[in-house]
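Participant: What follows is a structure written as structure tokens; I'll ask about it next.
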Amino acid sequence: MATRTIAGKEVQVNDEGFMTDPAEWNKEIAVEIAAEEGLAELTESQWKVIDFCRAASADLNGKSPTLRQITTGTGVTTKELFSLFPKGPAKKVARIAGLGKPEGCV
Amino acid sequence: MKQLLVLGAGTAGTMVVNRMRRLLDAEEWMITIVDPHEIHYYQPGFLFIPFGMYSRNDVVKPKRDFIPIGVEMIKAEADVIEPEQNRVKLTNGRTLSYDFLVIATGTQTRPEETPGLMESEWQRSIFDFYTVDGAVALAKHLRTWQGGRLVLNVVENPIKCPVAPLEFIMLADWFFHERGIRDEVELIYATPLPGAFTKPVASRYLGEILERKNIKVIPEFLIERAEPDDKKIVHYDESEVEYDLLVTVPLNMGDDLIARSGLGDELNYVPADKHTLLSKAHDNIFVLGDAAAIPTSKAGSVAHYAVDCWSENFLRYIDGLELLPTFDGHANCFIESGFDKGLLIDFNYDVEPLPGHFPLPGVGPFSLLQESEMNHWGKMMFRWIYWNTLLKGKELPLPARMSMSGKRSG
Ligand SMILES: Cc1cc2nc3c(=O)[nH]c(=O)nc-3n(C[C@H](O)[C@H](O)[C@H](O)COP(=O)(O)OP(=O)(O)OC[C@H]3O[C@@H](n4cnc5c(N)ncnc54)[C@H](O)[C@@H]3O)c2cc1C
């Protein structure tokens, strides 16, 4: 398992760059990862989704919520999610929120 | 008398009542099963209908034939479960009380949830094969189809039998080859997954097989809508895939009974303990088969292994002992790959599908993650086993829990 420094803090990441310990996360880290993902500034709507995913993950044994869980839980439509976090919102939010990669399905 | 009530007489519910009628004392326990439909479908057989290998007759039998003497069968739909009162209201007005409830209402396809699918072109240039009517309509269409671009699209996961789309597209390759028009047909598999399958090693093996068969995978495709007049499907990010023939695996959801009863998640699946299948909310409700929100495949083989583990556990539970965490998520799926060949995958919650042999190390007779004729015959034999052994709740000569012997890592 590798570590890297994000926003001045050393955190653990897996080989795909997802943080592996949600407790190491903070808002500055979110801002920096978002910038890497091409999102220069995080808006209120984007924070709403990020905060929801952090909270949902705590109820899901640390797993990232699926796209449908996000839309059901926040009331944000899938279409809006794709404009807030272009190209793969579930994965992108998970990365920014310091959660694991959303598992596909079984 | 105590009452065991089972909702849904599909694969899981039928196995449960057969097993339990043998194991529970008839002087002490009443067993009742409720289902609005009279026909039991062998759903794995739907896959073969579009290619003329099976007909409707091959996949239907009366549900009654599989319900043992001593089990009351009620032909009705469950309307709402009232867990606080330990009772279920039926849509016909009747109310049934229970001591223990088994929810086995499965999952269904919802094409109406994706705009464009069920409009003017439904069963003209847009088909499904997850229902018997869809599969029969598609068979008729394929008999005279002259070729073009066939796009298979999975709307959203989870779906029951997650390997069925792969099997469909590989059988399509074989079918058009046999008809001498394979060169006229472009085969495309547009999936929301990042690759051919859900788990990495299997995804790599299967991805390579698809490539050899000249089947193109479009990964991470999330359909927002179909535009039936322009014959294209549109992603949420506005990218498009054009088709001449669209085969959809629509959104899968649990029955609305679950939503009406306030027992489900966002897809109407009932949260349950993944090792004991006990509902997370109620200690006298169990969830078996596709209806459960647990992280394993929604498949008949999984339901079979789960019922195996559950039935022993249930006997402990009614004696006042605690439930043991016995179910390991074991799934075992034949994957038909065309040209009389097939693959087999065997996995559970912790171990992804790996290459090797099954069930005997080095011997098989089935090979894991490799195409072989033996695997094809395994798949074809499965129908006989399903009707004659599985549904009747008989033991199969295979362990319910997954074994690592015979498997190689990646
Ligand atoms: C195309 C296809 C291919 C497949 N291939 C395979 C395969 O190769 N191998 C494999 O293992 N599995 C396969 N499966 C999956 C397998 O068929 C299912 O996983 C299995 O049937 C699940 O059993 P179940 O009892 O949970 O649900 P079902 O068998 O679907 O039964 C659910 C039952 O509940 C009843 N019901 C629903 N709502 C209510 C209500 N409100 N009140 C009362 N009753 C209700 C329904 O009428 C139905 O009879 C395939 C499925 C499909 C569609």
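Every number here is computed from the coordinates shown, using simple stated rules; none is lab data. Values in this document were obtained by computation on a predicted structure and should not be read as measured data. Cβ: placed from backbone, ideal geometry, glycine included. Neighbour counts: every protein chain shown.
Participant: Using the Cα gyration tensor of region B:334-390, with a ≥ b ≥ c the square roots of its eigenvalues, what is the shape: rounded (a/c below 1.5), prolate (a/b larger than b/c) or oblate (neither)?
Facilitator: Numbers: a/c = 1.68, a/b = 1.25, b/c = 1.35.
In terms of gyration-tensor shape, oblate.
Participant: Same structure, new question: Separation between the A:ARG4 and A:THR78 pseudo-spin-labels, each 7 Å from Cα along Cα→Cβ, expressed in nm?
Facilitator: Label at A:ARG4, label at A:THR78, 3.0 nm between them.
Participant: Let me ask something additional. Quick one: order A:ILE70, B:ILE69 by neighbouring beta-carbon count within 10 Å, fewest to most.
Facilitator: Numbers: A:ILE70 25, B:ILE69 6.
With the fewest neighbours first, A:ILE70, B:ILE69 line up as B:ILE69, A:ILE70.
Participant: Looking only at B:GLN108, B:GLN123, B:GLN146, which one moves most when chain B is put into a Gaussian network model with springs between Cα atoms under 10 Å?
Facilitator: Looking only at B:GLN108, B:GLN123, B:GLN146, the biggest GNM fluctuation is shown by B:GLN146.
Participant: Give me the lysines in straight-line cross-link reach of B:LYS280: C-alpha distance below 24 Å, same-chain residues under 8 apart excluded.
Facilitator: A:LYS63, B:LYS2, B:LYS89, B:LYS160, B:LYS298
Participant: 222 nm [θ] for chain B, helices only, -39500 (n - 2.57) per DSSP H run of 4+, per residue, to 500? Kindly include the intermediate steps, with their values, before the conclusion.
Facilitator: Working: 7 runs with 91 residues, N = 410.
That comes out to -7000 deg cm²/dmol.
Participant: Taking Cα atoms of chain A, Rg/Rh with Kirkwood Rh, to two decimals?
Facilitator: Answer for chain A: 0.93.
Participant: Let's see if you can work this out: charge +1 on each Lys and Arg Cβ, -1 on each Asp and Glu Cβ, no other charges. What is the dipole magnitude of region B:108-221 about its Cα centre, in debye to the nearest 20?
Facilitator: 300 debye
Participant: Where the centre of each part is set by its Cα atoms, how far does region B:253-309 sit from region B:190-207, in angstrom?
Facilitator: 25 Å
Participant: Would you please classify the overall shape of region B:313-408 from the alpha carbon gyration tensor, given that a ≥ b ≥ c denote the square roots of the eigenvalues, rounded means a/c under 1.5, and beyond that prolate means a/b larger than b/c while oblate covers the rest?
Facilitator: Values: a/c = 2.80, a/b = 1.61, b/c = 1.74.
Taking the square roots of the gyration eigenvalues as a ≥ b ≥ c, region B:313-408 is oblate.
Participant: Could you order the peptides A:71-78, A:86-93, B:4-11 from most to least packed, using the average number of other C-beta atoms within 10 Å per residue?
Facilitator: Sorting A:71-78, A:86-93, B:4-11 by mean packing, highest first, produces B:4-11, A:86-93, A:71-78.
Participant: Based on DSSP, what percent of beta bridges with both residues in chain B are antiparallel, to the nearest 5?
Facilitator: Numbers: 36 of 75 bridges.
Antiparallel: roughly 50 percent of the beta bridges in chain B.
Participant: Select from B:SER203, B:SER279, B:SER337 the residue whose mean-square fluctuation is largest in a Gaussian network model of chain B (Cα-Cα springs shorter than 10 Å).
Facilitator: Largest GNM mean-square fluctuation: B:SER203.
Participant: Would you mind ranking B:VAL34, B:VAL60 by Cβ crowding within 10 Å, fewest neighbours first? Could you put the intermediate results ahead of the total?
Facilitator: On the way: B:VAL34 23, B:VAL60 15.
Exposure proxy ranking, most exposed first: B:VAL60, B:VAL34.
Participant: For every helix of n ≥ 4 consecutive DSSP H residues, a contribution of -39,500 (n - 2.57) applies; sum these over chain A, divide by its total residues, and give [θ] at 222 nm rounded to the nearest 500 deg cm²/dmol.
Facilitator: Details: 5 runs with 49 residues, N = 106.
Computed mean residue ellipticity for chain A: -13500 deg cm²/dmol.
Participant: Rounded, prolate or oblate, given the Cα gyration tensor of chain B, with a/c below 1.5 counting as rounded? Don't skip to the answer; put the middle values down first.
Facilitator: On the way: a/c = 1.86, a/b = 1.44, b/c = 1.29.
Taking the square roots of the gyration eigenvalues as a ≥ b ≥ c, chain B is prolate.
Participant: May I pose another question? Within a 10 angstrom radius of each residue's Cβ in A:60-73, how many Cβ atoms of other chains show up on average? Whole number is fine. Write down the numbers at each step before the final one.
Facilitator: Numbers: counts 0, 0, 0, 1, 0, 1, 5, 5, 6, 3, 1, 1, 3, 1.
The per-residue average across the peptide is 2.
Participant: Measuring from centroid to centroid over Cα atoms, what is the spacing of region A:28-106 and region B:21-76 in Å?
Facilitator: Taking the Cα centre of region B:21-76 as reference, the centre of region A:28-106 is 43 Å away.
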